[in-house]
Amino acid sequence: MTRDGSDALRRWRDVTDLSLDRLSGRGLDWAARPAPHKTFPDAERVPLPRPAELAVPPADLWRVLAARRSRRAFSGTPIPLEHLAALSWACQGVTARQGPALLRTAPSAGALYPFETYVSVQAVAGVEPCLAHLDVAGFALERVAEGHHGRALAAAALGQGFLARASAVFAWTAVYDRAAWKYRDRALRYLGLDLGHVCQNLAVAAEALGLGCCPVAAFLDREMNEVLGVDGDGEFAYYLAAVGPVQRRG
Ligand SMILES: Cc1cc2nc3c(=O)[nH]c(=O)nc-3n(C[C@H](O)[C@H](O)[C@H](O)COP(=O)(O)O)c2cc1C
C-alpha cells in the first residue's frame with residue numbers, strides 16, 4: 001500500500017469508526033429529518049407496469065447467478081417497457097411499508113435509502129429517449145430532460161462508449177444527508193454498501209431477462225453531475241450500470 005493510500009485508509013477508518021463513546025447520548029432530531037425520497041411533480045410521467053402486470057418469464061436463480069457477467073457489447077436493440085419496468089422494480093421496487101419507510105427490493109441501512117435512481121432511456125420501445133428519475137413511491141419514470149444522453153454519459157465516464165450503445169443506463173446519485181442524519185460519519189461506510197445491493201439486484205434481473213449489464217464507477221464527478229443535473233453537493237453522482245441486449249457473436 002502506498003503511504004498516501006494508507007493515510008487515506010486510516011483517516012477513513014477513524015472517522016467512520018463506531019464505538020460506544022460515539023454512540024452515547026445521541027438522539028435523533030426528527031424535526032430535521034431530510035425528505036426520504038425525491039420527486040419531480042412537474043415532470044411528464046411514464047407509468048411503469050407493476051410486477052403483477054409484467055409478462056416476464058420466470059428464471060432459475062442458481063442458473064442466473066452462475067451466468068451473470070459484466071457485458072459491454074450492446075447491440076442497441078430496443079427493449080420493451082416491461083423489461084425496463086422489471087429492471088426498475090428489481091432496483092427499487094417497494095415491497096412493504098414500515099412506519100414512514102417504504103421498504104424496497106434491496107436493503108438499506110436504517111431503511112434510509114440515501115440515494116436517487118435515474119434512468120437514461122436510450123432504446124426502449126414506445127418511450128422517446130430522455131433522462132428520467134424513478135419515482136419509487138408512485139413507480140413511474142419522471143422525464144427530467146429530453147433526448148438521448150448516452151454520448152454525454154460515455155464522455156463523462158472517460159469515453160466508455162458502451163454507455164451510449166446500451167438500451168438504458170441506470171445512474172444512482174448519493175443524497176448523503178439522509179443517512180448522515182442518523183449515522184453521522186458512519187454513514188460513509190453504508191452508502192456504497194447500499195448501492196452495491198441495488199446494482200447487484202439490477203445485474204441479476206438483467207441476466208434473468210437475457211440482457212447484458214455492466215456497472216460503472218469510473219467517471220469524472222463534475223461532468224457526471226452535470227449530465228445528471230444534480231448540484232454535486234447535496235446530491236452527487238455515485239454509480240451507474242448500463243443494460244441492454246448484447247451482440248451475439250458469429
Ligand atoms: C464498483 C464497481 C465499479 C466498476 N466500474 C466499471 C467501469 O467503470 N467500467 C467497466 O467496464 N466495468 C466496471 N466494473 C465491472 C468490473 O470490471 C467487473 O465486475 C469485473 O471485471 C469482474 O467481472 P464480472 O462482473 O464479469 O464478474 C465495475 C464493477 C464494480 C463492482
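Is there a quick way to get the dipole size of the chain? I mean about its Cα centre, with the Cβ of Lys and Arg at +1 and of Asp and Glu at -1; what is the value in debye to the nearest 20? Mind dumping the intermediate values first?
Numbers: 28 positive and 26 negative charges, 182 e Å.
In debye, rounded to 20, the chain gives about 880.
For segment 199-250, what is the convex hull volume of the alpha-carbon atoms per residue, in Å³? Don't jump to the answer; show the numbers that get you there.
On the way: hull volume 5.2 nm³, N = 52.
Cα convex hull per residue, to the nearest whole number: 101 Å³.
Under 5 Å between amide hydrogens, which residues at least 5 positions from residue 132 or on another chain qualify, with H placed 1.01 Å from N in the peptide plane?
119, 120, 121, 144
Go from 0 up to the bin containing the longest alpha carbon distance in segment 26-74, width 10 Å each, and give me the % of pairs per bin.
14, 19, 26, 26, 15, 0
Each residue of segment 71-77 in turn: what ³J(HN,Hα) in whole Hz from Karplus with 6.51, -1.76, 1.60 and θ = phi - 60°, glycine and Pro shown as x?
Taking θ as phi minus 60°, the curve returns 10, 10, 8, 6, 7, x, 5 Hz for segment 71-77.
Per DSSP H run of at least 4 residues, take -39500 (n - 2.57); add these up for the chain, divide by its residues and hand me the 222 nm value, nearest 500 deg cm²/dmol.
Numbers: 9 runs with 84 residues, N = 250.
Here the helix-only value at 222 nm equals -9500 deg cm²/dmol.
At a temperature of 20 °C and a viscosity of 1.002 mPa s, determine how fast segment 89-171 diffuses translationally according to Stokes-Einstein, using the Kirkwood radius over alpha-carbon pairs as Rh; express D in µm²/s, rounded to the nearest whole number. Intermediate values should be presented prior to the final figure.
Working: Rh = 13.9 Å.
My calculation gives 154 µm²/s for D.
Please work out the Cα center distance from segment 19-42 to segment 53-120, rounded to the nearest Å.
26
From the gyration tensor of the Cα coordinates in the chain, what semi-axes in whole Å does the equivalent ellipsoid have, largest first, with each one equal to sqrt(5λ)? Don't jump to the answer; show the numbers that get you there.
Values: eigenvalues 187, 93, 69 Å².
Ellipsoid half-lengths, sorted descending, are 31, 22, 19 Å.
Which value, in Å³ per residue, describes the convex hull spanned by the Cα atoms of segment 1-90? Please list the in-between numbers first.
On the way: hull volume 29.2 nm³, N = 90.
So the per-residue Cα hull volume is 325 Å³.
Per residue of segment 48-57, what does 6.51 cos²θ - 1.76 cosθ + 1.60 with θ = phi - 60° give for ³J(HN,Hα)? Whole Hz please, x for Gly and Pro, Karplus curve as stated.
9, x, 7, x, 5, 9, 7, 8, 9, x
Beta carbons within 10 angstrom, averaged per residue: use that to sort the peptides 156-168, 38-50, 177-189, 57-69, highest first.
Numbers: 156-168: 21.1, 38-50: 14.8, 177-189: 18.4, 57-69: 11.2.
Put in order of decreasing packing, that is 156-168, 177-189, 38-50, 57-69.
For the chain, find the longest principal axis of its Cα atoms and tell me its angle to the long axis of helix 3-15, 0 to 90°, nearest 10.
That helix lies at roughly 70 degrees to the long axis.
What span do the alpha-carbon atoms of segment 102-250 cover on each of the three principal axes, reported in whole Å from largest to smallest?
Largest first, segment 102-250 extends 51, 32, 28 Å along its Cα principal axes.
Read the figures in this text as sums done on the coordinates, not as results from a lab. Please read these numbers as outputs of a predicted model, since none were measured by experiment. In this analysis, Cβ positions are derived from the backbone assuming ideal geometry, glycine residues included, and neighbour counts consider all displayed protein chains.
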